[in-house]
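Shown next, in structure tokens, is the structure this report addresses.
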Amino acid sequence: MEVKKSQIIMLLVSFIIILTAAGCSSDGDTYEAGTKEKTPFEEYCMISERLNEFSTVQAQLTTAFFVNNGNESLQLNMVSEIKQSGNGIVGADIEMITTTRYLDETVEMYSYYTDGYFYTDYEGQKVKYKLSNEDMMEENNLTLPIISEESLKDISAETDDRGSRVVTLVADSDVIRKSLDRYAEQLIQAENGYFKCSDLTVVVKADEKGNIISCDSLISMSVTDKGVTTEYTVDTYTEYFNINEKLEIEFPDFSEYTEIKAE
């Protein structure tokens, strides 16, 4: 396939960061448990806000990434084991170990955040760069997809047979598409390339107190370069556990990491 392995992986990582950039977007009030009956969107916002307030959380993020250009197709699977202590209010410490399976290859990437630096170790290349706690939380894979009420095409909420609340949203992906446009030339060397995205579907499950259990998101996109269209489908499932429980993160020796300066 014309798209190289490293470009596909970086595209996927960038896409996931964009997709999970922040929680709900609303100009309304915050929503607390025990108040009047909530609309499905208010439930989504409450779940997002509670997630952002957790002092500790662990999660497993599983992504299936499908690529097809008409002549060839492939599947890339990525599993991230994430530990987070702290949040957007209290300085966060984060450990993320990502295993990527691509064809017959398996690679691991180790990522950390602490003391205002983001560290990555990918195939022996160890780099770090300064990143504020606020910016780190905006890029954090554990937050829910950014959804504005105006972008909603459909939304519903129901209680499943285990008593969990399930909120399903379908949103226009125009904002995500505009963000991805910026990455076309850089990530896949597309000359005059552009992205087209399907609607974004998100299914969030939470307990009766609004504590998140899982989030499943699905979106398809295509990029056209020199008359050739490549289609991508990204299905991401995140399961949350050990919320607000004791959590230990063991950081490696960061002395070998090379700092990347902002331009």
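No lab work stands behind these numbers, since they all come straight from the coordinates. The structure displayed is predicted, hence computed values, not measured ones. Cβ coordinates were reconstructed from backbone atoms using ideal geometry, including for glycine residues, and neighbour counts include every protein chain displayed.
Any chance you could run the full-extension gain for Ile260 through Ser156? It's 0.36 nm times the residue separation minus the Cα-Cα distance, nm to one decimal. Kindly include the intermediate steps, with their values, before the conclusion.
Details: separation 104, 0.36 × 104 = 37.44 nm, distance 4.44 nm.
This chain segment gains 33.0 nm when fully extended.
Quick one: which of Lys83/Lys153; Lys83/Lys126; Lys38/Lys246 span more than 25 angstrom between C-alpha atoms?
In this structure, Lys83/Lys153; Lys38/Lys246 exceed 25 Å between Cα atoms.
Determine, from the Cβ-Cβ distance of Lys130 and Asn71 and an R0 of 45 Å, the FRET efficiency 1/(1 + (r/R0)^6), rounded to the nearest 0.05.
On the way: r = 43 Å, r/R0 = 0.95.
The calculated FRET efficiency here is 0.55.
Size of the dipole of the stretch 59-121 about the Cα centre, Lys and Arg at +1 and Asp and Glu at -1 on the beta carbon, nothing else charged, in debye to 20?
Details: 2 positive and 9 negative charges, 45 e Å.
So the magnitude is around 220 debye.
For Arg101 and Val79, compute 0.36 nm times the residue count separating them, minus their Cα-Cα distance, and round to one decimal in nm.
In short, 7.0 nm is gained.
Provide the per-residue ³J(HN,Hα) series for the stretch 209-219, in order, calculated from phi with Karplus coefficients 6.51, -1.76, 1.60 and θ = phi - 60°, each as a whole number of Hz, with x at glycine and proline positions.
Coupling constants for the stretch 209-219: 8, x, 7, 5, 10, 7, 9, 10, 10, 9, 8 Hz.
Counting only other residues whose beta carbon sits under 11 Å from that of Gln75, what net charge do I get with K and R as +1, D and E as -1?
Value of the local net charge: 0.
Please work out how much length the chain gains when fully extended from Tyr110 to Asn211, using 0.36 nm per residue of separation minus the C-alpha to C-alpha distance, in nm with one decimal.
Full-extension gain reported as 33.6 nm.
Which GluC sites (Glu not before Pro) in the stretch 105-138 sit in a loop by DSSP (not H, G, I, E or B) and have at most 15 other Cβ atoms within 10 Å of their own Cβ?
Glu123
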